[in-house]
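Participant: First the structure, which I've put down as structure tokens, then a few questions once you've had a look.
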Amino acid sequence: MISCRNLTRRFVDFLAVNQINLEVAQGAICALLGPNGAGKSTTLKLLTGLLAPTSGRITVCGLDVSANQLELKRRIGVLPEDLGLFDDLTVDEHLLLTGSVYGLDKRETRARTAQLLHALSLEHGRHTFAGACSHGMRKKTAFAMALLPNPRALFLDEPFEAIDPVTSKIMRDLLVAVARRGVTVFLTSHILSVVEQISTQVVMIRKGKIVWDSPPGELPQSLEQHYFDLVETPVVEELSWLGSPQS
């Protein structure tokens, strides 16, 4: 479903993605993990055609990404890092616009919109302008927009960052459900506990290179410890002044 061969992206003198080879099967939930600046968001943008590779080949949903960008966008749903919302449109208007962009008729769009608003507990805020929404509402709106066209693959950039536990649970359950129906999910995340719960494939990236790729069950130790060992070791610094009585 998702295939990369020697995928590379260079920005002037910075190598953001370095010779990545990756295979993600249909119906998998693949989590790409790594520290800030490791190349996660760049990889996601390459996979969705938002960035062109410097070299290498990408196939998504059976399409060569470089040669079939318009058709690719009809087959995938994307939750971008910046959410991609318009402050002067309501939650409802975002979903109706999404249906129109993907060529759905108004009746089907309204039916799917109603179901998504209910599933994501957004019914009460459907007429709220995005600019007045909480971060959680904005993220759920963008997530609903990614789901509405019934994509064959979902690409989600940090979907669980800065959201409340209930929203996280709703989104996790929906991703597991759609994956069971054959939708391929590719996400980036820093929330290791969530990744452990839902992923079927864990990929770790460091300085633009993949350093681990396996099902969670093949990790030699806990996901957190393996991440620390391979990707980013926590800094341990004793702040002896912190908590000391003030003179």
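Participant: Relative contact order, percent, of the chain when contacts are C-alpha pairs under 8 Å separated by at least 6 residues?
Facilitator: 26 percent
Participant: For the chain, build the convex hull from the C-alpha positions and give me its volume per residue in Å³.
Facilitator: Output value, Cα hull per residue: 172 Å³.
Participant: Give the order of Phe129, Phe155 when sorted by the count of other beta carbons within 10 angstrom, beginning with the fewest.
Facilitator: Going from least to most buried by this count: Phe129, Phe155.
Participant: So, one more: Going by C-beta contacts inside 10 Å, put His190, His127 in order with the fewest on the left.
Facilitator: His127, His190
Participant: Still on this structure: In what sequence do Asp87, Asp64 fall when counting other Cβ within 10 Å, fewest first?
Facilitator: Fewest-to-most Cβ neighbours within 10 Å comes out as Asp87, Asp64.
Participant: Now for a different question. Using a simple charge model, +1 on the beta-carbon of Lys and Arg, -1 on the beta-carbon of Asp and Glu, nothing else, what dipole does the chain show about its Cα centre, in debye to the nearest 20?
Facilitator: The dipole magnitude comes to about 940 debye.
Participant: Could you derive backbone 3J(HN,Hα) for the stretch 92-109 from the dihedral phi with the Karplus parameters 6.51, -1.76 and 1.60 (θ = phi - 60°), listing whole Hz in sequence and x where the residue is Gly or Pro?
Facilitator: Whole-Hz 3J(HN,Hα) from phi for the stretch 92-109: 4, 5, 4, 6, 5, 5, 4, x, 5, 4, 8, x, 7, 6, 4, 5, 5, 4.
Participant: As a test of the formula, what do you get for the chain when each DSSP H run with n ≥ 4 contributes -39,500 (n - 2.57) and the sum is divided by the residue count, at 222 nm and rounded to the nearest 500 deg cm²/dmol?
Facilitator: -10000 deg cm²/dmol
Participant: Quick one: net charge around Gly56, please, counting Lys, Arg +1 and Asp, Glu -1 for every other residue with C-beta under 15 Å from its C-beta.
Facilitator: +4
Participant: May I pose another question? So which lysines can Lys209 reach, going by Cα to Cα under 30 Å and dropping same-chain residues fewer than 8 places off?
Facilitator: Here the lysines satisfying the reach criterion relative to Lys209 are Lys40, Lys45, Lys73, Lys139.
We did not get these values from a lab; they are worked out from the coordinates using the rules stated. Small disclaimer: the values here were computed from a predicted structure and weren't measured. Positions of Cβ are generated from backbone atoms using ideal geometry, with glycine treated the same way; all protein chains shown enter the neighbour counts.
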